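What follows is one structure encoded as structure tokens, with my remarks underneath.
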Amino acid sequence: IESRPRVWVSQPLFDDIITRLEPYFEVDAAREVADHAPSRIAEALREADGALVTLNDPIGAAEVAQAPRLRAIANVGVGYNNLDIAALQARGIVVTNTPDVLTETTADFGFALMMAAARRITEAERWLRDGQWQGWAFKSLLGADIHGATLGILGMGRIGQGIAKRAAGFGMRVLYHNRHRLPEAVERECRASYVDYEKLFAQSDHVVLVLPYSAQSHHLVDAATLARMKPTATLTNIARGGLIDEAALADALAGGRLAAAGLDVFEGEPRVDPRLLALSNVVLTPHIASGSLATRRAMVALAVDNLIAALGFGPEAGKPRNPVPAAKPL
Ligand code: 8YV
């Protein structure tokens, strides 16, 4: 008898959704949240025809070399910098991601994180819980306004556009910078004006990062970029930690050259730079921007559909909805 393809599910996800793989595959699903250990991944992929993975699962040339049967990887997440796309595609392995389903939830969170940083919400709560509220004081914990302020969005894809649309409701002026300028109709719909990288940082009261992380965007926001920002400005990152030089950011926040930051992502996740942990003017969250229950479920469901299709089964056999584009040569 011909044996069924095997798929590996790298983390505990939602069992009732993962079950949808069972009519087609032998499913090897992790029971515990796993760390980044490369040995675990190579071992799990050895017999696998397909895999459902998350940002906790770095897969590159070394893992691929030990996975002779691997034909498809469905990444649960829109960003896929955990995967070496060139190495996977060179072996003909199809890679898919989960765009669209997380756009609005992630835009909601980006906006909330920016507001929390600007209005010092978590700092104020810590202060209150610490028993420091001994009497109301007119000038305590004064923050920066959102309404009427200039918002700068770096990376104007789906999530960036979602944030721009929210900003309109708050009466913000919206600037954006992107690798490619958007068509005029989209700019109008988002009420956003294109500016160059330098102007974005110099003119904005609040900057939000929503661009993909790659070798090209590594430490894009460095000391020189931060020095362009207004000392009253805030910086929010819901994309990837590696976009920011965290040491330079900690210097700017500690030195009063930047008012506040909102960070959902970190370069060495789950480790957070102790200097950032020690600062009161930064809001820190553990990579939860897409984390509403409904959206995390939709992401898993989409990844499951993509994996079934990429391995040649189900109603969309051979045509997964979200193949990631071919890697561009450097
Ligand atoms: C996910 C994310 O939680 O989609 C992304 O790029 O960073 C988050 O939505 C993560 O990717 C899960 O793997």
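The values are calculated or read from the model by the stated rules, or taken from the named source; none is laboratory data. Computed from a predicted model, the values in this text were never measured in an experiment. Cβ atoms come from the backbone with ideal geometry, glycine included; neighbour counts cover every protein chain shown.
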Worksheet item: Pick from VAL272, VAL304, VAL282: which is in contact with a Phe, Trp or Tyr (Cβ under 8 Å, 6 or more places away or on another chain) and either of a type in the set (A, V, I, L, M) or without any contact (Cβ under 8 Å) to a residue 12 or more places away in the chain (or both)?
Response: VAL272
Item to complete: Considering only residues that are touching a strand residue (DSSP E or B) at 6+ places or on another chain (Cβ under 7 Å) and in a helix (DSSP H, G or I), look in the range 200-220 and name the one that is surrounded by the fewest Cβ atoms within 10 Å (Cβ to Cβ).
Response: GLN203
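For (1) aromatic (Phe, Trp, Tyr); (2) over 23 Å from TRP8 (Cα atoms); (3) away from the ligand (no atom under 16 Å from the Cβ), each residue gets a yes or a no:
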{"residue": "GLY256", "(1), (2), (3)": "no, yes, yes"}
{"residue": "LEU279", "(1), (2), (3)": "no, yes, yes"}
{"residue": "VAL283", "(1), (2), (3)": "no, yes, yes"}
{"residue": "ALA301", "(1), (2), (3)": "no, no, no"}
{"residue": "LEU307", "(1), (2), (3)": "no, no, no"}
{"residue": "GLU316", "(1), (2), (3)": "no, no, yes"}
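Here is a yes/no grid of residues against (1) crowded, with 23+ Cβ neighbours inside 10 Å; (2) of a type in the set (S, T, N, Q):
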residue: ALA223; (1), (2): no, no
residue: THR232; (1), (2): no, yes
residue: ALA239; (1), (2): yes, no
residue: ALA259; (1), (2): no, no
residue: GLU267; (1), (2): no, no
residue: ALA278; (1), (2): no, no
residue: ARG296; (1), (2): no, no
residue: LYS328; (1), (2): no, no
Worksheet entry | Residue satisfying all of: in the range 115-138; in contact with a helix residue (DSSP H, G or I) (Cβ under 8 Å, 6 or more places away or on another chain) and outside any loop (DSSP other than H, G, I, E, B); farthest from the ligand (Cβ to nearest atom) among these | ILE121
Fill in: Given (1) more than 21 Å from the chain's Cα centre (by Cα); (2) touching a residue at least 12 places away in the same chain (Cβ under 8 Å), number of the condition TRP136 does not satisfy
(2)
Item to complete: Answer yes or no as to whether LEU45 is more than 16 Å from the ligand (Cβ to nearest atom), buried (at least 17 other Cβ atoms within 10 Å of the Cβ), touching a residue at least 12 places away in the same chain (Cβ under 8 Å) and not aromatic (Phe, Trp, Tyr).
Response: yes
Practice prompt. Kindly provide the set of residues from the range 55-83 that are within 16 Å of the ligand (Cβ to nearest atom) and in a loop (DSSP other than H, G, I, E, B), ordered by number.
Written response: LEU55, ASN56, ASP57, PRO58, VAL76, GLY77, VAL78, GLY79, TYR80, ASN81, ASN82
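Tell me, please, whether a residue that is closer than 16 Å to LEU307 by Cβ, surrounded by 19 or more Cβ atoms within 10 Å (Cβ to Cβ) and out of contact with any strand residue (DSSP E or B) (no Cβ under 6 Å at 6 or more places or on another chain) can be found in the range 20-36.
No, the range 20-36 contains no residue that is closer than 16 Å to LEU307 by Cβ, surrounded by 19 or more Cβ atoms within 10 Å (Cβ to Cβ) and out of contact with any strand residue (DSSP E or B) (no Cβ under 6 Å at 6 or more places or on another chain).
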Fill in: Enumeration of residues in the range 106-118 that are buried (at least 21 other Cβ atoms within 10 Å of the Cβ) and either among the hydroxyl-bearing types (Ser, Thr, Tyr) or without any contact (Cβ under 8 Å) to a residue 40 or more places away in the chain (or both)
THR106
Worksheet, complete the sentence: Matching residues in the range 169-188 (more than 23 Å from the chain's Cα centre (by Cα), at negative phi and in contact (Cβ under 8 Å) with a residue 12 or more places away in the chain) number 3
Worksheet, complete the sentence: Exactly one of LEU175, LEU182, LEU141, LEU151 is in contact with a helix residue (DSSP H, G or I) (Cβ under 7 Å, 6 or more places away or on another chain) and either outside the structural domain of ARG120 (by TED's automatic domain parsing) or in a loop (DSSP other than H, G, I, E, B) (or both), and that residue is LEU141
Fill in: Enumeration of residues in the range 55-88 that are surrounded by fewer than 17 Cβ atoms within 10 Å (Cβ to Cβ) and more than 21 Å from the chain's Cα centre (by Cα)
ALA61, ALA62, ALA65, GLN66, PRO68, ARG69
Discussion item. I'd like to know if the range 34-41 contains one or more residues that are part of a strand (DSSP E or B), closer than 25 Å to ILE288 by Cβ and not charged (D, E, K, R).
Written reply: no
Worksheet item: Checking LEU52 against (1) within 16 Å of the ligand (Cβ to nearest atom); (2) outside any strand (DSSP E or B), which single condition isn't satisfied?
Response: (2)
